[in-house]
Amino acid sequence: MGWILRVIDSFSAAHFLREYQGACENLHGHNWRVELEVVGDELDETGLLVDFKRLKAVLKEVLDVLDHRLLNEIPPFDRVNPSSENIARFIFCEAGKRLPESVKVKSVAVWESDRACAVYFED
Ligand SMILES: [Zn+2]
């Protein structure tokens with residue numbers, strides 16, 4: 001029982017994948033679409049789980065770190081591959097640090113194209 005809120009934003013960045021055979025080993029860009037889902041079971045006096053405005057600001061703050069950058073130069077992606085899977089986990093952790101205690105990140109979906117996305121979640 002509880003509520004799930006979801007906000008969507010996007011960022012543009014370049015990356016390449018190390019130790020990968022195929023198109024993604026060469027430097028190229030994506031317009032990534034990111035869906036952040038949070039969950040909680042208690043509403044405030046206003047009837048909100050968390051203000052959408054705040055949620056959008058949290059996601060934007062995290063994506064601003066990645067936007068218009070070469071991801072391979074930004075920690076932790078200078079060490080771990082900037083795959084959509086790893087980007088989703090990064091956003092999950094960074095968003096979690098910025099959220100009020102009343103909500104938890106449930107999942108982060110990272111779309112690298114219209115037809116392919118990676119979702120990170122923790123049990
Ligand atoms: Zn790629």
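When the stretch 11-36 is filtered for residues that are touching a residue at least 60 places away in the same chain (Cβ under 8 Å) and over 17 Å from ALA118 (Cα atoms), the ones remaining, listed by number, are ARG18, GLU19, TYR20. So which of LEU71, LEU99 is on the phi < 0 side of the Ramachandran plot, touching a helix residue (DSSP H, G or I) at 6+ places or on another chain (Cβ under 9 Å) and surrounded by 20 or more Cβ atoms within 10 Å (Cβ to Cβ)? Of the residues listed, the single one that is on the phi < 0 side of the Ramachandran plot, touching a helix residue (DSSP H, G or I) at 6+ places or on another chain (Cβ under 9 Å) and surrounded by 20 or more Cβ atoms within 10 Å (Cβ to Cβ) is LEU71. Residues being in contact with a helix residue (DSSP H, G or I) (Cβ under 6 Å, 6 or more places away or on another chain) and under 12 Å from VAL34 (Cβ atoms) are entirely absent from the stretch 77-88.
Any residue that is within 16 Å of the ligand (Cβ to nearest atom) and either in contact with a strand residue (DSSP E or B) (Cβ under 6 Å, 6 or more places away or on another chain) or farther than 21 Å from GLU122 by Cβ (or both) - is there at least one of those in the stretch 37-56? Scanning the stretch 37-56, I find no residue that is within 16 Å of the ligand (Cβ to nearest atom) and either in contact with a strand residue (DSSP E or B) (Cβ under 6 Å, 6 or more places away or on another chain) or farther than 21 Å from GLU122 by Cβ (or both), so the answer is no. Only one of the numbered conditions (1) surrounded by fewer than 16 Cβ atoms within 10 Å (Cβ to Cβ); (2) closer than 23 Å to GLU19 by Cβ is not met by ASN86, and that is (1). In the stretch 19-29, the qualifying residues are those that are surrounded by 12 or more Cβ atoms within 10 Å (Cβ to Cβ) and closer than 22 Å to ASP67 by Cβ, and the one that is nearest to the ligand (Cβ to nearest atom) is CYS24.
Taking residues in the stretch 94-123 that are charged (D, E, K, R), and partners anywhere that are within 16 Å of the ligand (Cβ to nearest atom), the pairs with Cβ atoms closer than 7 Å and at least 6 places apart or on different chains are GLU112/HIS30; GLU112/TRP32; GLU112/SER84. Can you say whether LEU5 is in contact with a strand residue (DSSP E or B) (Cβ under 7 Å, 6 or more places away or on another chain) and modelled with pLDDT under 95, as far as the supplied structure shows? In short, no.
The values are calculated or read from the model by the stated rules, or taken from the named source; none is laboratory data. The shown structure was predicted, so the numbers you read here are calculated from the model rather than taken from an experiment. So basically every Cβ, Gly included, is an ideal-geometry build from the backbone, and we count neighbours across all protein chains shown.
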